[in-house]
Protein chains: 2
Amino acid sequence: MKQLILLAASALLALPAAAAVSETTLPGAAGPTLQPDGRITFKLKAPEARTVQVAGGDGLGAGPFDMTKGTDGLWTVTTPPAVPGFHYYWFNLDGVRVNDPASRTYIGYGLETSAIEVPEPGAGYYELRDVPHGAVRDQWYFSRTAGQWRHAIVYTPPGYDTDIKTHYPLLILQHGSGEDETGWTRQGRSNFILDNLIAAGTARPMIVVMDRGYASKDQPDTLDGTRTAFTAFEEVVLHDLIPTVDAAYRTIADREHRAMAGLSMGGMQTLFISLHHPETFAYVANLSGPIIPDLRGPRSTDQGFHDRFDSKTAFEGAFADPAGFNRKFKLFWMGVGTREPAVFRDTIGGAVRTLKSAGVKVVYFESQGTAHEWQTWRRDLNDLAPRLFR
Amino acid sequence: MKQLILLAASALLALPAAAAVSETTLPGAAGPTLQPDGRITFKLKAPEARTVQVAGGDGLGAGPFDMTKGTDGLWTVTTPPAVPGFHYYWFNLDGVRVNDPASRTYIGYGLETSAIEVPEPGAGYYELRDVPHGAVRDQWYFSRTAGQWRHAIVYTPPGYDTDIKTHYPLLILQHGSGEDETGWTRQGRSNFILDNLIAAGTARPMIVVMDRGYASKDQPDTLDGTRTAFTAFEEVVLHDLIPTVDAAYRTIADREHRAMAGLSMGGMQTLFISLHHPETFAYVANLSGPIIPDLRGPRSTDQGFHDRFDSKTAFEGAFADPAGFNRKFKLFWMGVGTREPAVFRDTIGGAVRTLKSAGVKVVYFESQGTAHEWQTWRRDLNDLAPRLFR
């Protein structure tokens with residue numbers, strides 16, 4: 001099998017017009033080569049190494065894949081077709097997990113991690129286009145809750161600097177576990193997605209804040225999605241982040257103009273926080289966040305990801321009165337990719353079915369053929385943003 | 001010698017109160033340990049590796065340093081005292097240059113590169129402090145010169161969003177070869193330096209644009225400081241970057257309110273561009289940029305870094321009329337670290353002496369005990385910014 005793959009790689013490498021380089025490759029570097037069908041040829045120069053593998057995130061396919069050493073000390077392998085999207089990867093070099101020196105790195109898995117972009121044919125909605133661009137800004141703020149400085153990324157829409165009397169609605173948009181506040185712009189291209197939607201007139205100009213989704217009252221900074229990523233982060237969002245953004249930017253500071261959304265861990269945080277604060281949020285979106293119906297209760301061993309979703313009791317009864325819920329929340333949105341692992345598809349799909357049966361209005365978005373990675377979440381944002389603040 | 005160093009490491013590792021972790025270490029990761037005297041203990045878990053070394057940039061001391069494997073597969077070495085500052089480093093793992101998985105990475109040497117921060121005792125001028133913070137923004141712009149989109153970082157001072165009738169002077173601030181537009185904020189902490197100076201009232205509020213210092217009319221993007229980093233970049237700065245910034249931000253768009261500064265390659269670019277455009281710039285600063293007096297002439301083999309600096313002919317006669325030069329340029333600033341290699345110290349120091357003898361007004365700043373790295377350039381900016389636009 002390995003030999004077959006390598007044979008295919010050699011054949012394809014002889015077709016230079018067909019192969020492409022990923023946008024994530026450093027300028028001038030010899031990064032992985034993309035075949036039109038989604039196969040990827042990975043390379044690492046390591047003449048003295050004994051074993052080299054490539055491994056990666058959901059979306060790259062199974063793995064790790066053994067690489068084979070050429071006479072020039074260049075190890076290569078061509079992987080089976082990957083789904084379109086943004087895929088983290090790394091090499092196991094004599095047993096040590098290392099990045100591809102040819103790749104830019106991104107915060108994923110709590111580490112700097114190489115990545116490859118497999119383009120989706122015809123999908124221009126997340127590209128840098130010749131339209132007015134919003135600003136992407138660093139925002140430092142002191143959190144009284146956490147007793148430390150925090151860093152968030154803020155998107156202000158095109159025109160923000162010149163239309164100085166205009167106030168805007170606010171979307172809080174959160175990353176996943178092991179990632180950080182830079183994920184939604186660097187990996188997710190959220191700013192380009194919004195630029196393009198706003199230019200097309202399909203999304204309302206809005207301010208987006210992408211915060212660091214970890215918080216603790218007594219621990220140093222972390223990249224782990226532990227319990228405090230829910231409880232302490234809830235306080236940070238309500239008492240530190242929103243007041244900071246409302247003071248520093250021209251927001252419309254009421255619930256009707258405030259949304260929270262997040263992916264994976266960020267989706268869990270969104271449900272945990274926003275469902276219990278209808279006084280703060282009128283728009284709620286969970287992007288591939290697996291459902292733990294009793295996440296707000298005291299943790300016990302029988303809790304966890306499951307589809308025993310009771311709409312009366314889940315999230316401390318947030319959905320117990322469907323008509324009341326539908327009146328309070330202007331949008332309740334859930335999404336998942338059809339190639340995501342079962343824990344995401346089953347718990348989200350199950351909750352959506354149960355909630356709809358109970359009369360809760362849910363917008364459900366399935367991303368066809370994408371995995372638990374950024375292409376799903378880019379599509380999600382592209383579907384979600386036009387529905388906000390209407 | 002190696003054994004002595006390792007012995008010292010063991011002794012110091014037993015003094016937890018004395019050792020510290022670098023700010024560049026990823027949260028929760030086991031990064032290098034800093035001793036109070038500047039020695040650094042590097043670690044890499046690699047049970048199957050045969051050889052591991054650590055190597056780094058100017059400022060880390062000589063190297064590479066051989067590391068020694070412990071019984072647990074953890075390779076360690078403690079290096080001699082490093083000067084304070086921001087030092088790039090990497091491991092040679094069985095001959096392959098890899099990053100420290102425990103470190104954040106920064107664009108240096110044309111690659112993602114690990115780094116360690118050796119704090120300068122008592123130096124708070126580049127720290128995040130509880131003062132009003134300017135905004136750090138991403139700026140995309142289409143360059144007609146290069147025929148492609150470019151990315152720059154823009155700092156707008158505190159109050160920019162609220163003092164909406166105020167216009168500001170502009171500093172163009174450039175990185176070094178192998179680095180990119182993110183260097184001055186991520187490695188250099190230019191935004192915090194300016195926040196602190198502006199809060200203290202010692203620097204005038206200004207807009208700072210930090211552009212990507214590579215440009216070409218017919219080549220893909222690069223991280224190499226080749227010839228086009230001068231000629232094509234000059235056109236980008238004059239015809240694309242400055243018009244973009246003047247249109248998008250509230251600058252004072254005249255020469256009296258425009259400065260250019262850069263470090264190393266960026267200093268060379270600054271001299272190359274600004275000395276020949278007094279109609280555009282009144283303030284010029286070269287931070288550790290080695291002097292090639294005939295850089296603007298056609299390249300020939302006898303040109304290069306040297307101290308045969310003739311103030312009549314250097315830079316196509318830009319200094320030939322000292323009185324005229326002094327009238328045109330409000331500030332001509334040059335700086336170098338005393339621990340930098342001779343090519344920097346000698347060519348810059350030599351040019352300064354020659355220019356002063358000829359009657360050219362030069363502000364010369366020597367950074368004591370620092371190398372060709374970011375601590376020198378942080379100090380430079382701290383000295384330079386208060387002198388601008390006075």
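Give the residue, chosen from B:112, B:127, B:117, that is closer than 25 Å to residue A:139 by Cβ and without any contact (Cβ under 8 Å) to a residue 60 or more places away in the chain.
Just one listed residue meets the conditions, B:112.
Considering only residues that are under 24 Å from the mean Cα position of the chain (by Cα) and within 13 Å of another protein chain (Cβ to nearest Cβ), which ones fall in the range B:25-60?
Of everything in the range B:25-60, those that are under 24 Å from the mean Cα position of the chain (by Cα) and within 13 Å of another protein chain (Cβ to nearest Cβ) turn out to be B:25, B:26, B:31.
Across the range A:241-274, which residue is nearest to the chain's Cα centre (by Cα) among those that are within 14 Å of chain B (Cβ to nearest Cβ) and in a helix (DSSP H, G or I)?
Step by step, filter the range A:241-274, then rank; the result is A:245.
Within the range A:106-125, track down each residue that is among the aliphatic types (A, V, I, L, M) and within 17 Å of residue A:58 (Cα to Cα).
Across the range A:106-125, the qualifying residues are A:107, A:111, A:115, A:116, A:118.
For residue A:188, state whether it is under 29 Å from residue B:154 (Cα atoms), outside the structural domain of residue A:43 (by TED's automatic domain parsing), touching a Pro at 6+ places or on another chain (Cβ under 8 Å) and among the small types (Gly, Ala, Ser).
So residue A:188 does not fit the description; no.
This table checks each residue for (1) among the polar types (S, T, N, Q); (2) farther than 25 Å from residue B:382 by Cα; (3) surrounded by fewer than 20 Cβ atoms within 10 Å (Cβ to Cβ); (4) in contact with a Gly (Cβ under 8 Å, 6 or more places away or on another chain).
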{"residue": "B:217", "(1), (2), (3), (4)": "no, yes, yes, yes"}
{"residue": "B:224", "(1), (2), (3), (4)": "no, yes, yes, yes"}
{"residue": "B:253", "(1), (2), (3), (4)": "no, no, yes, no"}
{"residue": "B:260", "(1), (2), (3), (4)": "no, no, no, no"}
{"residue": "B:266", "(1), (2), (3), (4)": "no, no, no, yes"}
{"residue": "B:270", "(1), (2), (3), (4)": "yes, no, no, yes"}
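Since residue B:289 meets every condition but one in (1) modelled with pLDDT of 95 or more; (2) in a loop (DSSP other than H, G, I, E, B); (3) surrounded by fewer than 20 Cβ atoms within 10 Å (Cβ to Cβ), which condition does it not meet?
The failed condition is (3).
For the range A:65-152, please list each of the strands (runs of 3 or more DSSP E) lying entirely inside it that holds at least 3 residues being within 14 Å of chain B (Cβ to nearest Cβ) and more than 25 Å from residue A:221 (Cβ to Cβ).
Because the criterion is at least 3 residues that are within 14 Å of chain B (Cβ to nearest Cβ) and more than 25 Å from residue A:221 (Cβ to Cβ), the strands (runs of 3 or more DSSP E) in the range A:65-152 that meet it are A:85-93.
Would you tally the residues in the range A:226-240 being within 14 Å of chain B (Cβ to nearest Cβ) and of a type in the set (Ser, Thr, Tyr)?
2
Wholly within the range A:313-372, which helices (runs of 4 or more DSSP H) include no fewer than the required count, namely at least 1 residues that are under 26 Å from the mean Cα position of the chain (by Cα)?
A:314-317, A:342-357
Which one is nearest to the chain's Cα centre (by Cα) among residues in the range B:199-214 that are away from chain A (no Cβ under 12 Å) and over 22 Å from residue B:254 (Cα atoms)?
The extreme case among them is B:213.
The values are calculated or read from the model by the stated rules, or taken from the named source; none is laboratory data. Here the structure is a predicted model, which is why all the values come from computation and not from measurement. Cβ sites come from the backbone with ideal geometry, for glycine too, and all protein chains shown count toward neighbours.
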